[in-house]
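Working notes, structure below.
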Amino acid sequence: MRYNETARKKAESLPLKKQAYVLGIETSCDETAAAVVQGGCVVLSNVIYTQIPLHRQYGGVVPELASRNHADQIGIVVREALDAAGLRKEDLDAIAVTCRPGLVGALLVGVCYAKALALAGGLPLLGVDHIHGHIAANYISHPALEPPFVSLVASGGHSHVLRVDSYDSYSLLGQTRDDAAGEAYDKAARALGLPYPGGPELEKLARGGDPNKYPFHSTLNESDDPDMSFSGIKTALVNLIANARARGEELFLPDIAASFQQAINKTLTHKALLHCREGDTLCLAGGVCANGHLRELLTRECAKRRVRFFAPAAPYRTDNAAMIAAQGYFHLMAGDLAGLDLSAAATK
Ligand code: KG4
Ligand code: ZN
């Protein structure tokens, strides 16, 4: 029997689909991650091996090094995830893997490993979009949550507002026209002399600063156009620092960090709430939701408008494989299986 037939038979014969054990694999950027999730929301294990120390010396992710390091770690991380869940490979019901978007060389490590596991075990293979995985992190932290809802996805590569129509269909409502929010955070942090990844460092620096000291205005961001732009704000910050240096002026960096953080987070909040009416639900997703200031702002503004607001719990905010397994589960439920020709793609 060919792989696809074996895998489909396995998917169809699951006695209690709701209890399915899905192994998730995530290697899209600088984290090698594996997790086992039961029934789309019960996390049995969530193992993350971060490459941050490896890339820090270069000030950003070096794609070639990322791929090689994923290849070194993937076997170890998957074994740890199975051990921590108390399961053997034979106990799994399906393998979910991030197949787009991301660094292609890095994605391919996870995709090839997942294909090998699926082929060897006769298991269904599920190809997951990383962004949809970030959204699914909310199902883990809020098991009663169900589509439809609006989602603000802010990560190192994306800033999107989407309507999640169902577990596997989405409508794009607005997006950044240039840099992603996380990318802007990272570039601004670098200009402030902070180490990679800059987002969390900038948030720490901002704690001692005045958010109203430097108004980083943007006509597009303050308008009701659904799209946003972050590269102008980032350039304004870079120029502010360069001009002060040229004049020999001392700047109080926490004020710059706090003002920048406020400009980015106000924009994200405004653009997400453009699509929310009283009684609607808004879910935050993507690595930037680790930013406490953003979550507080959204909590406050959603409460004012009587919009329900959800964000994933701490372990599921930045890249992880539990969110990939959670989203993979919904593909499994829908019978949306990938074949062994599953490939990796840099973009959506
Ligand atoms: O989702 P993620 O882990 O990886 C991608 O899919 O890109 O997001 C990483 C991004 C990085 O740009 C990082 O600087 C940003 O999320 N980030 C933060 C914070 N924590 C992570 N940005 C602002 N404040 C934070 N606390
Ligand atoms: Zn991510």
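All conditions but one from (1) surrounded by 24 or more Cβ atoms within 10 Å (Cβ to Cβ); (2) assigned to a helix (DSSP H, G or I); (3) of a type outside the set (Phe, Trp, Tyr) apply to residue 295; the one that does not is (1). I'd like to check something: does the stretch 274-284 contain any residue that is under 28 Å from residue 186 (Cα atoms), of a type outside the set (A, V, I, L, M, F, W, C), out of contact with any helix residue (DSSP H, G or I) (no Cβ under 9 Å at 6 or more places or on another chain) and in contact (Cβ under 8 Å) with a residue 24 or more places away in the chain? Yes; the residues of the stretch 274-284 include at least one that is under 28 Å from residue 186 (Cα atoms), of a type outside the set (A, V, I, L, M, F, W, C), out of contact with any helix residue (DSSP H, G or I) (no Cβ under 9 Å at 6 or more places or on another chain) and in contact (Cβ under 8 Å) with a residue 24 or more places away in the chain. When you check residue 213 against the structure, is it more than 17 Å from residue 59 (Cα to Cα), surrounded by fewer than 23 Cβ atoms within 10 Å (Cβ to Cβ) and within 12 Å of ligand 1 (Cβ to nearest atom), yes or no? So residue 213 fails the test.
To keep it simple, each residue is scored yes or no on (1) closer than 16 Å to residue 205 by Cβ; (2) of a type in the set (Ser, Thr, Tyr); (3) more than 16 Å from ligand 2 (Cβ to nearest atom).
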position: 256; (1), (2), (3): yes, no, yes
position: 259; (1), (2), (3): yes, yes, yes
position: 264; (1), (2), (3): yes, no, yes
position: 281; (1), (2), (3): no, yes, yes
position: 284; (1), (2), (3): no, no, no
position: 290; (1), (2), (3): yes, no, no
position: 306; (1), (2), (3): no, no, yes
position: 310; (1), (2), (3): no, no, yes
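Name the single residue, out of those in the stretch 93-109 being away from ligand 1 (no atom under 16 Å from the Cβ) and touching a Gly at 6+ places or on another chain (Cβ under 7 Å), that is nearest to residue 312 (Cα to Cα). Here the answer is 96. Could you go through the stretch 91-100 and let me know if any residue there is surrounded by fewer than 19 Cβ atoms within 10 Å (Cβ to Cβ) and closer than 30 Å to residue 5 by Cα. Scanning the stretch 91-100, I find at least one residue that is surrounded by fewer than 19 Cβ atoms within 10 Å (Cβ to Cβ) and closer than 30 Å to residue 5 by Cα, so the answer is yes.
Here residue 233 clears all of (1) surrounded by fewer than 19 Cβ atoms within 10 Å (Cβ to Cβ); (2) in contact with a Phe, Trp or Tyr (Cβ under 6 Å, 6 or more places away or on another chain) except the condition numbered (1). Here the stretch 21-53 is the region considered, the condition is being at pLDDT 95 or above and among the small types (Gly, Ala, Ser), and the residue that is nearest to ligand 1 (Cβ to nearest atom) is 28. Just for the stretch 110-139: of the residues that are under 17 Å from residue 73 (Cα atoms) and more than 16 Å from ligand 1 (Cβ to nearest atom), which one is nearest to the chain's Cα centre (by Cα)? Ranking the qualifying residues of the stretch 110-139, first place goes to 111.
Results for (1) touching a helix residue (DSSP H, G or I) at 6+ places or on another chain (Cβ under 8 Å); (2) more than 19 Å from residue 154 (Cβ to Cβ); (3) of a type in the set (A, V, I, L, M, F, W, C), shown as yes or no for each residue.
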| position | (1), (2), (3) |
| --- | --- |
| 180 | no, no, yes |
| 185 | yes, no, no |
| 189 | yes, no, yes |
| 192 | yes, yes, yes |
| 212 | yes, yes, no |
| 228 | yes, no, yes |
| 237 | yes, no, yes |
| 243 | no, yes, no |
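Residues in the stretch 279-288: is at least one farther than 14 Å from residue 161 by Cβ and either not in a helix (DSSP H, G or I) or not hydrophobic (A, V, I, L, M, F, W, C) (or both)? Checked against the condition, which is being farther than 14 Å from residue 161 by Cβ and either not in a helix (DSSP H, G or I) or not hydrophobic (A, V, I, L, M, F, W, C) (or both), the stretch 279-288 yields at least one hit. Quick check on the stretch 330-337. Is at least one of its residues surrounded by fewer than 24 Cβ atoms within 10 Å (Cβ to Cβ) and over 21 Å from residue 134 (Cβ atoms)? Checked against the condition, which is being surrounded by fewer than 24 Cβ atoms within 10 Å (Cβ to Cβ) and over 21 Å from residue 134 (Cβ atoms), the stretch 330-337 yields at least one hit.
Checked against (1) crowded, with 21+ Cβ neighbours inside 10 Å; (2) modelled with pLDDT of 90 or more, residue 75 meets all criteria but (1).
Selection over the stretch 307-332 of residues that are away from ligand 1 (no atom under 14 Å from the Cβ) and part of a loop (DSSP other than H, G, I, E, B) gives a count of 2. Screening the candidates 250, 301, 222 for the property of being in contact with a helix residue (DSSP H, G or I) (Cβ under 9 Å, 6 or more places away or on another chain), without any contact (Cβ under 8 Å) to a residue 12 or more places away in the chain and of a type outside the set (Gly, Ala, Ser) yields one hit, 250.
The values are calculated or read from the model by the stated rules, or taken from the named source; none is laboratory data. Since we're looking at a predicted model, the values are computed, not measured. Here the Cβ is made from the backbone with ideal geometry for all residues, glycine too, and neighbour counts use every protein chain on show.
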